[in-house]
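Every read-out reported here was derived from the displayed coordinates using simple, explicitly stated rules and does not represent laboratory data. None of the values given here were measured: they were computed from a predicted structure. No Cβ is skipped: glycine too gets one built from the backbone with ideal geometry, and neighbour counts run over all protein chains shown.
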Amino acid sequence: MVENEKKNYTVFGSDTEFEGVLEFSDDLIITGKFSGTIKSGGALEIAKTAVCNVDRMSARSIVVFGTVTGNIEASERVEICSGGKVTGDITTARLRIAENTEFEGQVTMLDTVPDIDLFSVASAEYKQALILKSDFLE
């Protein structure tokens with residue numbers, strides 16, 4: 001039996017303003033203002049109240065509810081949620097953009113096969129994941 005790993009995460013509060021280079025390995029939620037560069041091996045969430053102006057933002061996964069100006073790189077996935085706004089280029093293996101979002105930039109898909117367990121999803125869902133990936137590669 002595998003024990004559940006306890007993940008650490010940090011929250012930058014809505015009154016927090018940070019400028020510079022931010023490097024971390026765990027998960028981070030930004031609800032305030034950030035300017036600079038973010039480098040992470042963990043997950044990053046940009047909350048609805050957050051405003052980020054970055055040269056580059058890189059993490060394992062990035063979920064945007066707020067506003068990001070600058071380039072985004074995620075080894076696993078990027079998700080722009082309803083109300084989110086991204087102005088900049090995105091490089092990722094998987095991308096989801098919800099309705100009622102603003103996105104201006106280019107998308108580069110990393111050359112990886114969707115990491116969906118074939119035995120845990122319906123065949124139609126896996127097929128759709130492959131179709132979405134192939135649409136971005138053309």
**Fill in**
Interchain or sequence-distant (5+) residues whose placed amide H lies within less than 5 Å of the amide H of residue 29 are 10, 11, 12, 45
**Message:** Net charge within 14 Å of residue 88 by Cβ-Cβ distance, Lys/Arg positive one each and Asp/Glu negative one each, not counting residue 88 itself?
**Reply:** -3
**Request:** Determine which residues of the stretch 17-37 fall in the zone a paramagnetic label at residue 53 would reach in this model, i.e. backbone nitrogen under 15 Å from the point 7 Å along Cα→Cβ.
**Result:** 17-21, 33-37
**Request:** Subtracting the Cα-Cα distance from 0.36 nm times the residue separation, let me have the gained length for residue 101 to residue 21 in nm, one decimal.
**Result:** 26.1 nm
